[in-house]
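Beneath this line is the structure, given in structure tokens, with notes to follow.
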Amino acid sequence: MNQSLSRIADRELLDAYSETVTAVAEQVSPSVVKIEVQGPEPTTQGPGPGRGPRRPPGPATGSGSGFVMTPDGYVLTNSHVVSGAKRISAIFQDGQRVPAHLVGDDPETDIALLRIDAPNLVALSFADSSALRVGQLAIAVGNPYGFDCTVTAGVVSALGRSLRTKTGHLVDDVIQTDTALNPGNSGGPLVDSRGRVIGVNTAMILPAQGICFAIAANTAGFVMGKLIHEGRIRRSYLGVAGQNVPLHRRVVRFHGLPTESAVFVVTVEPDSPAFRAGLLAGDLIVAYGDKPIAGIDDLHRMLTEEQAGVGAPMTILRDLKKQTLQVEPTLRK
């Protein structure tokens, strides 16, 4: 009897899981588009020692994924998907193809914003990625290898990762997931069990299985807002690579900190503003100016274009002792 009840319970759990993934897929898929790009004509090579065969003339092509974020046609994708593109098209689940215009992109977060003109657009919404928990359901919808509207499911494997993109930029506060991603998934949405965007899928580790990454929704939303209003993002530069870490409650109470997390400094670039201020690897950044810093997103929001050349106090914990450094960010070129 107990085994019979156990099997029934297992079927009910599976049904609940399946129903959740199915409902999310049906909700999200109409908002996901295949991004096709045409770049500049590739360089051809003639015959000769060490040279390959001559390639046929014509524009280089590539593809990825994207998703509609506003009813008036703003579409998010990855910067590396549309980088260098001369022509961009967005293709919907029903086969509708529309031209897409690049509004702006931010290689440092691998986020790009497109604009399309199409009727009856279904927009997705962002979740608060700072509230994510390791182990929660994560669902990806995209176009891997050209297979339109492919749905994969997994969990959030880790939070606060750092990821170096193909352009050499280090992206912080990245979501790690075991949700299967493949070439062509880049730029598609990673969503929660309610169909809200928790991240923008960006990369996988090719030799590994079940190690994939997405740019957190809070970062993507911030970048999207700046690109809509200004068309670009210019940031102040500190020269720090870090990751989010929790603080022990005793440390929080002892120093009277307003948050229970901080930015752990992984590396400090030589001759950078952070280096000149005396910041060291292993320090914990807990405040910048008069604002508490609970994570990488907070620090990114503080380092605006207006902060360049303006000195500000940075509060850190070093060996669990509170210190204040004076730092003057510069404008990243």
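The values are calculated or read from the model by the stated rules, or taken from the named source; none is laboratory data. Bear in mind the structure is a predicted one, so any value in this text is a computation, not a measurement. When we count neighbours, we look across all protein chains shown, and the Cβ atoms used for this are built from the backbone with ideal geometry, even at glycine.
Here are some notes:
- The requirement of being hydrophobic (A, V, I, L, M, F, W, C), exposed (fewer than 14 other Cβ atoms within 10 Å of the Cβ) and not in a loop (DSSP other than H, G, I, E, B) is fulfilled nowhere in the range 278-287; no residue meets it.
- Complete set of residues in the range 318-333 that are assigned to a strand (DSSP E or B), farther than 16 Å from T304 by Cβ, touching a residue at least 40 places away in the same chain (Cβ under 8 Å) and not polar (S, T, N, Q): K322, L325
- Annotation: of all residues in the range 196-250 being over 10 Å from the mean Cα position of the chain (by Cα) and among the aromatic types (F, W, Y), the one that is modelled with the highest pLDDT is F222.
- Some residue of the range 293-308 being farther than 21 Å from N244 by Cα, acidic (D, E) and outside the structural domain of I175 (by TED's automatic domain parsing): yes
- Residues within the range 298-309 that are buried (at least 20 other Cβ atoms within 10 Å of the Cβ) and not aliphatic (A, V, I, L, M), tallied: 3
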